[in-house]
Each structure stands twice: as structure tokens, then as C-alpha cells.
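Student: Submitted below is the structure of interest, expressed as C-alpha cells.
The values are calculated or read from the model by the stated rules, or taken from the named source; none is laboratory data. Please read all numbers here as calculations on a predicted model, not as lab measurements. Cβ: placed from backbone, ideal geometry, glycine included. Neighbour counts: every protein chain shown.
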Amino acid sequence: MITTLVESVHAVPAAEWECLARPAGLYLSHQWLAAEEEDPTASVSYALVRDDGGQLVAAAPLHLVHEEPNDAYRPGELLPPPLRPRVIAGARRGYHNTPLTAPGLDPVRRETCLALLRDAARDLADRNGTTHWWPYLTAGATARLAPLYPDDPVHLEDDALIPLPGTDFEGYVASLPSQRRVGVRREHREFTANGPEVRHLALADCAEEAGALLAGHQQDHGHDQDGTDAMTALLKRQAAAMGSAARVVAAHDGGRMVGFCLYYHYASTTWIRAVAVDRAHAAPHLYFNLMYYLPIRDAYAHGSTALHAGMTTVEAKRRRGALISGLYALADRQGPAAGA
């Protein structure tokens with residue numbers, strides 16, 4: 001097998017990349033990674049592993065971080081000292097990461113591919129006087145990669161995925177325990193009967209309103225640096241990069257947006273990206289409907305079989321049918337010379 005390094009995901013045909021990325025998730029998709037290349041806080045390259053016939057069988061983005069604005073991706077906040085890697089292997093955003101390998105690889109070839117991706121990350125890190133790490137790895141990815149690293153995985157967070165059985169919202173509700181079915185139906189019914197107007201929008205058409213709500217949500221959670229201008233600019237960049245894939249379901253009262261959920265349909269999963277509500281607005285069960293029930297309805301219409309609800313408040317997500325699994329970090333201590 002041959003490993004090469006390219007400077008842009010555009011160097012790989014989208015269809016070829018997507019053969020590896022679609023089982024992995026939105027945050028390793030060709031379109032998402034292309035958008036992230038515009039972020040000036042890191043320089044990105046891509047390790048590509050091809051077999052002797054030239055087929056792409058494994059890949060990983062490699063980010064050399066210059067400045068990390070997100071506390072949740074700062075190794076000093078997450079890893080034991082003295083580990084302070086500056087190269088992130090895999091996805092840098094989205095809190096969902098895995099190395100990309102071709103479906104159907106036999107165990108020996110897959111292990112070889114993973115070792116080559118590790119070596120490519122080591123080489124890039126060594127040339128920049130640092131080491132590398134994989135943050136927010138899924139449990140399956142952690143199990144595959146852990147034998148290649150010197151230290152045990154570090155548990156970072158828990159992740160929630162809500163299965164969507166059947167063909168419509170009632171199929172989801174029917175999958176819940178009886179007591180939860182009653183609660184979910186009541187929360188959705190009371191919102192529908194007494195809540196604000198619901199609109200389905202492209203992010204590009206509502207980025208300023210959504211940005212103001214998102215800034216308030218971030219500040220309520222202690223992120224004072226995430227002001228309206230910053231959040232609006234972030235959403236506008238995402239809208240420009242992701243186009244019609246960036247979907248919003250929003251609640252309006254008297255023409256004013258009082259809450260929104262930004263999500264993406266990718267492969268067979270609907271991915272929740274951001275949710276924010278006006279806490280001063282008294283709409284019944286506003287947050288639960290924007291976070292779960294309205295995106296679930298649209299997920300069924302799109303043909304999704306799961307809703308990725310992400311980290312935090314996992315007990316609330318568990319009560320709404322989520323399966324919970326761990327997210328982990330693996331960090332390297334050495335460059336290629338030391339490894340040899």
C-alpha cells in the first residue's frame with residue numbers, strides 16, 4: 001500500500017471520498033471538510049492510503065492547529081499532562097470522529113491501513129515539533145485504534161443516537177416505553193396546539209436571526225466570547241459552504257424567531273448541529289420540539305433511520321429513546337524516530 005499527503009480534500013474526487021465517509025458521518029464528509037478548510041485557525045492536509053491498484057482504502061484529515069477557539073478541542077483541558085499535541089487526526093469539529101477505511105476490508109488490511117494513518121500523523125507532527133491525537137473517537141474507532149497507541153483511551157463525553165424505526169413519527173413514539181410515549185405525545189401535542197408558527201428554512205435565509213439566538217444560548221452557558229457578530233458570521237460561513245444541505249426548523253411568534261434547530265441529513269442519519277431558544281418565550285415545550293420532535297418528523301420525510309443528538313444532557317436524550325455510547329481520545333507520545 002502507498003500513503004500520500006494532499007493539501008485539500010478537493011484533490012480527491014468527491015464520489016471516491018464519500019465511499020469511505022458515508023458510513024463515518026457528516027463531519028468527515030467531503031462537503032463538510034471542504035468548508036472547514038476555510039478556517040484560518042488550522043492548516044489541514046489529508047493522508048491517503050491506496051492499494052496496489054490505486055483504490056483509496058483509507059484516509060484521515062490531519063489538522064495542524066495554530067489557535068484553538070473551542071475549549072472542547074484544547075488538549076490541555078482534556079488530556080493528562082504532559083500531553084499537548086497540536087495535530088488533530090480525523091474530524092476537528094462535530095464531536096464525532098473515526099479513521100476512514102473502506103467497507104469490506106479484511107482485519108489484516110484494515111490494521112495495516114490504520115497503522116499507516118497513524119504513521120502519517122506522526123510524520124506531520126514530528127516535522128512540526130509536536131505530536132498528534134484523535135479527539136472524540138467513537139467506541140468502535142477507539143477499539144480499532146487503541147492497540148496502536150501507548151496510553152489507554154481517555155473518556156471525553158457520551159454521545160446520543162436516537163433510532164427511528166418504522167416510517168413516521170408514530171413509529172418513533174411507539175418504540176418508546178409506555179410512560180415515555182405518553183409524555184412525548186403530550187409535549188408535542190401541547191406545542192402544536194399552543195406554540196408558535198413553525199417554518200422550515202434554508203440556513204442562508206435566516207442566519208442573522210439564528211445567530212442572535214445562538215449567541216444568547218452560548219452566553220447562557222458561560223461562553224461570553226461567542227457574541228452575536230461571531231455567531232452570525234459562523235452561521236453565514238456554514239450556509240455558504242453547505243448550501244441547501246444546511247436546514248433549519250424555526251419557531252416564530254409575531255414574525256420574530258424565538259427558537260431554531262440547525263440540522264443536516266447525511267447518509268441514513270439526521271445530524272443535529274445547533275439548537276437555541278429564547279428563554280424568555282413561554283411557548284410550551286419549545287426546546288424539546290426543536291431539539292427532537294420537529295427534526296424527527298423531517299428525518300422520516302427524508303428517509304433517515306436515526307437522529308444524531310450528540311453530547312450533553314444525555315439523560316434527557318435517553319428518555320427520548322437515545323442509545324448512549326462513549327467518545328474517547330487517543331494521544332501519541334512520539335514521533336517516527338522515537339517510534340522506530
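Student: Given the condition among the aromatic types (Phe, Trp, Tyr), without any contact (Cβ under 8 Å) to a residue 40 or more places away in the chain and surrounded by fewer than 23 Cβ atoms within 10 Å (Cβ to Cβ), answer yes or no: does some residue in the range 295-302 qualify? Before the answer, list the steps.
Tutor: Going through the range 295-302, the residues among the aromatic types (Phe, Trp, Tyr) turn out to be 300.
Next, only the ones that are without any contact (Cβ under 8 Å) to a residue 40 or more places away in the chain stay: none.
Scanning the range 295-302, I find no residue that is among the aromatic types (Phe, Trp, Tyr), without any contact (Cβ under 8 Å) to a residue 40 or more places away in the chain and surrounded by fewer than 23 Cβ atoms within 10 Å (Cβ to Cβ), so the answer is no.
Student: Report the residue count in the range 266-302 for those that are closer than 15 Å to Leu201 by Cβ and in contact with a Gly (Cβ under 9 Å, 6 or more places away or on another chain).
Tutor: Total meeting the criteria: 4.
Student: For the range 12-35: of the residues being more than 23 Å from Ala139 (Cα to Cα) and in contact (Cβ under 8 Å) with a residue 60 or more places away in the chain, which is surrounded by the fewest Cβ atoms within 10 Å (Cβ to Cβ)?
Tutor: Ala34
Student: For the range 303-318, give me the residue count where each residue is crowded, with 16+ Cβ neighbours inside 10 Å and either over 22 Å from His265 (Cα atoms) or in contact with a Ser or Thr (Cβ under 8 Å, 6 or more places away or on another chain) (or both).
Tutor: 4
Student: Please identify the pairs in which a residue from the range 83-110 that is touching a residue at least 60 places away in the same chain (Cβ under 8 Å) and of a type in the set (A, V, I, L, M) has its Cβ atom under 8 Å from the Cβ atom of a residue that is in a helix (DSSP H, G or I) and surrounded by fewer than 19 Cβ atoms within 10 Å (Cβ to Cβ), counting only partners at least 6 apart or on another chain.
Tutor: From the range 83-110, the pairs are Ala102/Cys19.
Student: If you scan the range 5-29, which residues turn out to be over 29 Å from Leu307 (Cβ atoms) and among the polar types (S, T, N, Q)?
Tutor: Ser8, the sole residue that qualifies.
Student: Of (1) among the β-branched types (Val, Ile, Thr); (2) within 30 Å of Ala115 (Cα to Cα); (3) assigned to a helix (DSSP H, G or I), Ile324 satisfies all except one. Which?
Tutor: Unmet condition: (3).
Student: I'd like to know if the range 272-280 contains one or more residues that are outside any helix (DSSP H, G or I), among the basic types (Lys, Arg) and buried (at least 21 other Cβ atoms within 10 Å of the Cβ).
Tutor: Step one: list which residues in the range 272-280 are outside any helix (DSSP H, G or I), which gives 272-280.
Narrowing further to those that are among the basic types (Lys, Arg): 273, 279.
From what is left, the residues that are buried (at least 21 other Cβ atoms within 10 Å of the Cβ) are 273.
The answer is yes, given that some residue of the range 272-280 is outside any helix (DSSP H, G or I), among the basic types (Lys, Arg) and buried (at least 21 other Cβ atoms within 10 Å of the Cβ).
Student: Oh, and also: Return the pairs, sorted by first residue and then second, in which the second residue is at pLDDT 95 or above and surrounded by fewer than 21 Cβ atoms within 10 Å (Cβ to Cβ), the first residue lies in the range 111-137 and is more than 22 Å from Leu20 (Cβ to Cβ), the beta carbons are less than 6 Å apart, and the residues are 6+ apart or on different chains.
Tutor: From the range 111-137, the pairs are Asn128/Leu64; Thr130/Arg86.
Student: Next up: Where in the range 116-196 are there helices (runs of 4 or more DSSP H), lying wholly inside it, with at least 2 residues that are touching a Leu at 6+ places or on another chain (Cβ under 8 Å) and surrounded by fewer than 15 Cβ atoms within 10 Å (Cβ to Cβ)? Write out each step before concluding.
Tutor: Numbers: elements: 139-145, 169-174, 178-194.
By residue number, no helices (runs of 4 or more DSSP H) qualify.
Student: So Glu190 ticks every box in (1) assigned by TED's automatic domain parsing to the domain that holds Asp278; (2) among the acidic types (Asp, Glu); (3) modelled with pLDDT of 95 or more but one. Which box is left unticked?
Tutor: Among (1) assigned by TED's automatic domain parsing to the domain that holds Asp278; (2) among the acidic types (Asp, Glu); (3) modelled with pLDDT of 95 or more, Glu190 violates only (3).
Student: Can Tyr264 be described as assigned to a helix (DSSP H, G or I) and closer than 27 Å to Ala21 by Cα?
Tutor: On the way: assigned to a helix (DSSP H, G or I): no; closer than 27 Å to Ala21 by Cα: yes.
Taking the combined requirement at face value, the residue does not satisfy it.
Student: Look at Glu77 and say whether it is in contact with a helix residue (DSSP H, G or I) (Cβ under 7 Å, 6 or more places away or on another chain), surrounded by fewer than 17 Cβ atoms within 10 Å (Cβ to Cβ) and not polar (S, T, N, Q).
Tutor: Working: in contact with a helix residue (DSSP H, G or I) (Cβ under 7 Å, 6 or more places away or on another chain): yes; surrounded by fewer than 17 Cβ atoms within 10 Å (Cβ to Cβ): yes; not polar (S, T, N, Q): yes.
When the stated conditions are applied, Glu77 passes them.
Student: Hey, another quick one. What pairs come up if the first residue lies in the range 236-260 and is within 22 Å of Ala299 (Cβ to Cβ), the second is modelled with pLDDT of 95 or more and hydroxyl-bearing (Ser, Thr, Tyr), and their beta carbons are under 6 Å apart, counting only those six or more places apart or on different chains?
Tutor: Correct list of pairs: Ala245/Tyr264; Arg247/Tyr263.
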